[in-house]
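Chemist: Below are the structure tokens for one structure; questions will follow.
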Amino acid sequence: MNSILTILYVEDEEDIREVTEFALEDEGFELIPCASGHDALEKAKDIQPDLLLLDMMMPGMDGMTTAKKLRELPHLADVPLVFMTAKIQSSELEKYRAIGALDVIGKPFDALELPNQIRAILQKFRNNHS
């Protein structure tokens, strides 16, 4: 997993986007940052990310709706999906997994641990699909 991994990252709060970019870009990830679900849908047309990383609670189009719409694009139908949210009750987790989320990263998150969390999630996904 030494090659650069491209992440389509959707987060409406600019400060959280910046922390996430800082945490990941020096660790072998290329982020395509998006400030909204609509922004993500527009950018997604022209890229093939290795991972979809979506905030759950956003104004306008929430993470769940954004994920469903991104999955409608044929080239993104099978791209691994991870949500970031402060809501991690088991009932919520079941909903996220029902639409294909591999995992959920809780907010607030540890910026130093984020690259390892994402690598572990992707490794588990790859092990289950090889």
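Chemist: Inside the range 31-45, can you point out the residues that are among the polar types (S, T, N, Q) and not in a loop (DSSP other than H, G, I, E, B)?
Modeler: Within the range 31-45, none qualify.
Chemist: Separate question: Would the range 46-59 turn up any residue that is surrounded by 15 or more Cβ atoms within 10 Å (Cβ to Cβ), touching a residue at least 12 places away in the same chain (Cβ under 8 Å), assigned to a strand (DSSP E or B) and among the charged types (D, E, K, R)?
Modeler: Yes, the range 46-59 contains at least one residue that is surrounded by 15 or more Cβ atoms within 10 Å (Cβ to Cβ), touching a residue at least 12 places away in the same chain (Cβ under 8 Å), assigned to a strand (DSSP E or B) and among the charged types (D, E, K, R).
Chemist: Run down Pro59, Pro33 and say which single residue is within 15 Å of Glu11 (Cα to Cα) and out of contact with any helix residue (DSSP H, G or I) (no Cβ under 8 Å at 6 or more places or on another chain).
Modeler: None of the others qualify; the one that does is Pro59.
Chemist: What residue, among those in the range 60-87 that are not in a helix (DSSP H, G or I) and not aliphatic (A, V, I, L, M), is surrounded by the most Cβ atoms within 10 Å (Cβ to Cβ)?
Modeler: Phe83
Chemist: Of all residues being of a type outside the set (A, V, I, L, M) and touching a Gly at 6+ places or on another chain (Cβ under 9 Å) in the range 1-23, which is nearest to Leu41 (Cα to Cα)? Just the residue, please.
Modeler: Looking at residues that are of a type outside the set (A, V, I, L, M) and touching a Gly at 6+ places or on another chain (Cβ under 9 Å), I get Asp12.
Chemist: Would you please name the residue that is surrounded by the fewest Cβ atoms within 10 Å (Cβ to Cβ), looking only at residues in the range 88-119 that are at pLDDT below 90, out of contact with any Leu (no Cβ under 9 Å at 6 or more places or on another chain) and not in a helix (DSSP H, G or I)?
Modeler: My answer is Gln89.
The values are calculated or read from the model by the stated rules, or taken from the named source; none is laboratory data. This is a predicted model, so every value here is computed, not measured. Cβ: placed from backbone, ideal geometry, glycine included. Neighbour counts: every protein chain shown.
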